[in-house]
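Have a look at this one before I ask anything.
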Amino acid sequence: MSNNFLHKTLGFWFCFVLLAIGHAGAQTTINTTVGSTGYTGSNSSGTGYGITFNIENTTSSPILLTDVGDWTSTADNGVTFTLYYSSTSLSGLAPTSFPATGWTQIATNTVATFPSATLGVNTVISGMTFMIPGNTQYRFSLVTSGTRRYSGSGVGSCSPSTFASNGINLNVGDYSIGGSYVGYSSSNNPRWFTGSITFVPAGPCTAPPTAGTSAVSNASPCFNQNITLSLNGSSFGTGQTYQWESSNLPAGTYSPISGATSASTIITTSTSGTIYYRCAVTCSGQTSYSTPVLV
């Protein structure tokens, strides 16, 4: 075998492996305004409402949801966007206000300035690492502090209602689960989410994990009120586990909270006074603790 032939053969396989790696870890964006009709963002409701949609992972491997886009213009400068999810409310009537039973806050972001006055889809939340396990579907609600923009006002207003890429389905509008529509804006239905999602394949967790900083949806709740605990800046990956804990002191003795075992979780305040919350994040037997948050 000549050296020239060997070099060409090795070069071919090297390029093939690089392409395979790049494809396996590739970032994918699904935009409802691409390859569709009726997604014009021309409809709107009052301020503070959400628009719901469903993400279905039909593969056996988990993915990480990283970015969400929405139909916006410079009229939305300074608007706050908050993303919630539910693993149980997959269709039908959606909450009109949050926190809501069965729904958990994932991320929130205030966008100071959008790029142009032209209406279109712009990224409103980025840098997330929200995991959707294999063969799992979640429903999401993107809530704004400004006017809620969406498309469609009746069955068949927009087409299609399912966008598919790399085994992931984005279901919106009059896509039906259990005889009820997925897409709601308040009680109005069906309504079509007009935006985008971006996701990447989820790799294994890294030990020791990065726990990040604890965050809370309401730092001054009333007694017996639901609050959402979440993590900012934490690492993610398959095999990573979570356990939220509470203490009366920031560096005191922490006790685990029963059932609070996800990166973002809803708990009910059960005592008065000052409580600190942190999350124990574990990968391969190594545990790191998030910076506590004061409630």
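The values are calculated or read from the model by the stated rules, or taken from the named source; none is laboratory data. Only a predicted model underlies this, so the values are computations on that prediction, with no experimental measurement involved. Here Cβ is always computed from backbone atoms with ideal geometry, including for glycine, and neighbour counts include all displayed protein chains. The area values use the complete protein model at the heavy-atom level, side chains included, leaving out ligands, DNA and RNA. Shrake-Rupley method; radii C 1.70, N 1.55, O 1.52, S 1.80 Å.
Amide H of SER234: which non-local residues (sequence gap of 5 or more, or other chain) have their own amide H closer than 5 Å, using H built in the peptide plane?
Counting only residues 5 or more places away or on other chains, the set is THR213.
I would also like to ask the following. Can you list, largest first and rounded to whole Å, the semi-axes you get for the chain by taking the square root of 5 times each eigenvalue of its Cα gyration tensor?
Working: eigenvalues 214, 185, 57 Å².
Result for the chain: semi-axes of 33, 30, 17 Å.
Averaged per residue, what accessible area in Å² does the stretch 138-227 show with a 1.4 Å probe, protein chains only? Intermediate values should be presented prior to the final figure.
Details: 3280 Å² over 90 residues.
Per-residue value: 36 Å².
Continuing with this model, one more query. Looking at the P(r) of the stretch 58-101, how many percent of alpha-carbon pairs lie beyond 17 Å? Don't skip to the answer; put the middle values down first.
On the way: 552 of 946 pairs.
In whole percent, the long-distance tail amounts to 58.
Between SER180 and THR241, take the C-beta separation as r, use R0 = 30 Å, and let me know the FRET efficiency to the nearest 0.05. Spell out each step's value before the answer.
Numbers: r = 33 Å, r/R0 = 1.11.
Result of the calculation: an efficiency of 0.35.
Along the Cα→Cβ direction, 7 angstrom out, place labels at SER220 and SER284. What is the inter-label distance in nm?
4.5 nm
Mind jotting down the distance between the C-alpha centroids of the stretch 119-133 and the stretch 55-92, whole Å?
Rounded to whole Å, the Cα centres lie 6 Å apart.
Give me the extension gain from ALA251 to THR162: residue separation times 0.36 nm, minus the current Cα-Cα distance, reported in nm with one decimal. Numbers along the way, then the final one.
Numbers: separation 89, 0.36 × 89 = 32.04 nm, distance 4.86 nm.
Taking 0.36 nm per residue and subtracting the Cα distance, the gain is 27.2 nm.
Related question: Could you tell me whether the stretch 124-240 comes out rounded, prolate or oblate from its Cα gyration tensor? Rule is a ≥ b ≥ c as square roots of the eigenvalues, rounded for a/c under 1.5, then prolate if a/b exceeds b/c, otherwise oblate. Don't jump to the answer; show the numbers that get you there.
On the way: a/c = 2.32, a/b = 1.37, b/c = 1.70.
Taking the square roots of the gyration eigenvalues as a ≥ b ≥ c, the stretch 124-240 is oblate.
Could you calculate the contour length gain from THR74 to ASN135, that is, 0.36 nm times the residue separation minus the distance between their Cα atoms, to one decimal place in nm? Before the final figure, lay out each step's value.
Working: separation 61, 0.36 × 61 = 21.96 nm, distance 3.82 nm.
Result: 18.1 nm gained on full extension.
Sort the stretch 218-269 into rounded, prolate or oblate with this rule: let a ≥ b ≥ c be the square roots of the eigenvalues of the Cα gyration tensor; rounded if a/c is under 1.5, and if a/c is not under 1.5, prolate when a/b is larger than b/c, oblate otherwise.
Working: a/c = 1.86, a/b = 1.44, b/c = 1.29.
Since a/c reaches 1.5 and a/b is larger than b/c, the shape of the stretch 218-269 is classed as prolate.
While we're on this one: Return the sequence-ordered ³J(HN,Hα) values of the stretch 137-152 in whole Hz as given by the Karplus equation 6.51 cos²θ - 1.76 cosθ + 1.60 applied to θ = phi - 60°, using x for Gly and Pro.
Calculated HN-Hα couplings, in order: 10, 10, 10, 10, 10, 9, 9, 10, 7, x, 5, 7, 9, 7, 10, x Hz.
What distance in nm separates the simple spin-label points at SER270 and LEU93, each placed 7 Å from Cα in the Cβ direction?
Once both label points are built, they end up 2.9 nm from each other.
On to the next question. Given the stretch 76-156, report the % of alpha carbon pairs whose separation exceeds 16 Å. Mind dumping the intermediate values first?
On the way: 1954 of 3240 pairs.
Result: 60 percent of Cα pairs exceed 16 Å.
Could I ask something else about it? What is the stretch 189-295 by shape, rounded, prolate or oblate, if you read a ≥ b ≥ c off the alpha carbon gyration tensor as root eigenvalues and call it rounded for a/c under 1.5, prolate for a/b larger than b/c, and oblate otherwise?
Working: a/c = 2.41, a/b = 1.15, b/c = 2.09.
Judged from the Cα gyration tensor, the stretch 189-295 comes out oblate (a/c at least 1.5, b/c at or above a/b).
Given the -39500 (n - 2.57) contribution per DSSP H run of 4+ residues, what per-residue ellipticity at 222 nm results for the chain, rounded to the nearest 500 deg cm²/dmol? Walk me through the intermediate numbers first.
Working: 1 runs with 22 residues, N = 295.
So the calculated ellipticity at 222 nm is -2500 deg cm²/dmol.
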